[in-house]
1. For the range 7-27, enumerate the residues that are touching a strand residue (DSSP E or B) at 6+ places or on another chain (Cβ under 8 Å) and either among the basic types (Lys, Arg) or part of a strand (DSSP E or B) (or both).
2. Could you check, for the range 68-78, whether at least one of its residues is of a type in the set (Lys, Arg) and at pLDDT 95 or above?
3. Determine which member of the set Gly39, Gly63, Gly30, Gly73 is without any contact (Cβ under 8 Å) to a residue 12 or more places away in the chain, away from ligand 2 (no atom under 16 Å from the Cβ) and open to solvent by less than 50 Å² (accessible area, probe 1.4 Å).
4. Tell me, yes or no, whether the range 147-167 has at least one residue that is assigned to a strand (DSSP E or B), without any contact (Cβ under 8 Å) to a residue 60 or more places away in the chain, touching a helix residue (DSSP H, G or I) at 6+ places or on another chain (Cβ under 8 Å) and open to solvent by less than 20 Å² (accessible area, probe 1.4 Å).
5. What pairs can you find where one residue is in the range 84-97 and open to solvent by less than 60 Å² (accessible area, probe 1.4 Å), the other is aromatic (Phe, Trp, Tyr) and more than 7 Å from ligand 1 (Cβ to nearest atom), and their Cβ atoms are less than 7 Å apart, with a gap of 6+ or different chains?
6. Could you list all residues from the range 182-197 that are in contact (Cβ under 8 Å) with a residue 40 or more places away in the chain, surrounded by fewer than 20 Cβ atoms within 10 Å (Cβ to Cβ) and of a type outside the set (Val, Ile, Thr)?
7. Between Ile90, Ile190, Ile194, which is part of a strand (DSSP E or B), within 30 Å of Ala72 (Cβ to Cβ) and more than 16 Å from ligand 2 (Cβ to nearest atom)?
8. Any idea which of (1) in contact (Cβ under 8 Å) with a residue 24 or more places away in the chain; (2) within 14 Å of ligand 2 (Cβ to nearest atom); (3) more than 25 Å from Val166 (Cα to Cα); (4) surrounded by 14 or more Cβ atoms within 10 Å (Cβ to Cβ) is the one Gly52 doesn't satisfy?
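The values are calculated or read from the model by the stated rules, or taken from the named source; none is laboratory data. Predicted model, so just to flag it, every value in this text is computed and none were measured. Counting neighbours? That spans all protein chains shown, and the Cβs are built from the backbone with ideal geometry, glycine included. SASA here: full protein model, heavy atoms, side chains in, ligands and nucleic acids out. Shrake-Rupley method; radii C 1.70, N 1.55, O 1.52, S 1.80 Å.
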Amino acid sequence: MDLLEYQGKQLFARHGLKVSSGKAVDSVEGALAAAAEIGYPVVVKAQVLIGGRGKAGGVKLAGDEAQLREHAGRILGMDIKGHTVRTVWIEHASDIAAEYYASILLDRSAKRPLLMFSIEGGVDIEEVAERTPEKLIRHHIDPLAGLSREEAVQVAREGKADEDVVEGVADALLALYEVWLAEDATLAEINPLIVTPEREVRALDSKVSLDGNALYRHPENQGLSDAENEDPLERRAKEEGVQYVKLDGDIGILGNGAGLVMSTLDVVARAGGSPANFLDAGGGSNAETIKQAVDLILANPAVRAVLFNIFGGITRCDEVAEGLIAAFGEIKPSVPFVVRLDGTNDEAGRRLLAEAELPNVHPAKTMNEAAELVVALAAGRALQESA
Ligand code: GDP
Ligand code: MN
């Protein structure tokens, strides 16, 4: 469960991590009232669940009412990478002497929390990790012993934090670990962690993900899930009752049964591809469900090819084929589909598909074959037509 910046900052403040106080508002009038209370200059910040708001024009300084009116008016309603801004956070603008970076996430392969720190904050941290990995300090925390002040100080020093703020940085890292642990977070990130001209260390931004499965332990956090700000495709799927999770790749996936879909993701990844989503069409996938699912998968503009992996049990393959044919009639997709039908009525299903002569639909016999084919198609490689 991802939190908005201001919600993350509320958790930070709860654990003694320094943040600027501010107010979340959803109108220009609200922004003006908040700023009158806070005092100018203020910063107006779009509250959406996506990074890079600054670059997209979603973070602006306002020195007076006129500027605030202009910026708040422009940012409210703005679209940032598919996320509509409905809320802005108004806080007193900070003077910045340096921008650092700090984060803690769960390193599943090491089975430990991983603390990262860099004095090259405020920018895309992936770039720092790639170009100058020595400037990103990585420190695994022993979950039983916790993070000691000595360790935190050592991380700050190793990262070459200015000597006079080493203690301040250590305080921030210790508080960040407390947030991560006490709130059952899977990610707690600060970028930038600023040093002010007065040499105070403060979190200027927050990115926090909470473990949804641990929410029952935190009734006070339950209200933080914000349907308005969810990924728009995931929200739509939820409304339509479809089990859909958006992923970062370019291969759309549909299967029936959560286990089969997860295996399909694995097989596609092993074939060198990158799935664009998880979609479980469920046990009784009829034509209507399939149509709806295809629509949803193709609403993600990153999708370059789609893999249907159906094992017919309760779901009959001929019904799935009919759904696909109906969907193609209405949607006319421009990307290739690979279809693997196996199980109940698979022969009838394949026959229906063959007879329909859908453009750009490629049958495959096995899951591996289907995965290799769809990866090749997504990459735009020439086909060795199979089946
Ligand atoms: P992001 O672009 O979504 O990561 O949003 P951030 O909250 O990190 O803000 C982006 C950038 O805006 C920061 O790296 C700062 O350089 C700048 N910024 C944000 N708040 C302030 C502020 O209070 N004062 C100043 N001077 N710059 C700010
Ligand atoms: Mn940031």
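1. If the condition is that a residue be touching a strand residue (DSSP E or B) at 6+ places or on another chain (Cβ under 8 Å) and either among the basic types (Lys, Arg) or part of a strand (DSSP E or B) (or both), then Lys9, Lys18, Val19, Gly22, Lys23, Ala24, Val25 are the ones that fit.
2. Checked the range 68-78: at least one residue is of a type in the set (Lys, Arg) and at pLDDT 95 or above.
3. Numbers: Gly39 fails: without any contact (Cβ under 8 Å) to a residue 12 or more places away in the chain; Gly63 fails: without any contact (Cβ under 8 Å) to a residue 12 or more places away in the chain; Gly73 fails: without any contact (Cβ under 8 Å) to a residue 12 or more places away in the chain.
When all the criteria are applied, what remains is Gly30.
4. Looking for residues that are assigned to a strand (DSSP E or B), without any contact (Cβ under 8 Å) to a residue 60 or more places away in the chain, touching a helix residue (DSSP H, G or I) at 6+ places or on another chain (Cβ under 8 Å) and open to solvent by less than 20 Å² (accessible area, probe 1.4 Å), one finds none in the range 147-167, hence no.
5. If the second residue must be aromatic (Phe, Trp, Tyr) and more than 7 Å from ligand 1 (Cβ to nearest atom), the pairs left are Trp89/Tyr6.
6. Hits for the range 182-197 are Ala182, Leu187, Pro197.
7. Working: Ile190 fails: more than 16 Å from ligand 2 (Cβ to nearest atom); Ile194 fails: more than 16 Å from ligand 2 (Cβ to nearest atom).
It is Ile90.
8. Of everything listed in (1) in contact (Cβ under 8 Å) with a residue 24 or more places away in the chain; (2) within 14 Å of ligand 2 (Cβ to nearest atom); (3) more than 25 Å from Val166 (Cα to Cα); (4) surrounded by 14 or more Cβ atoms within 10 Å (Cβ to Cβ), Gly52 misses just condition (4).
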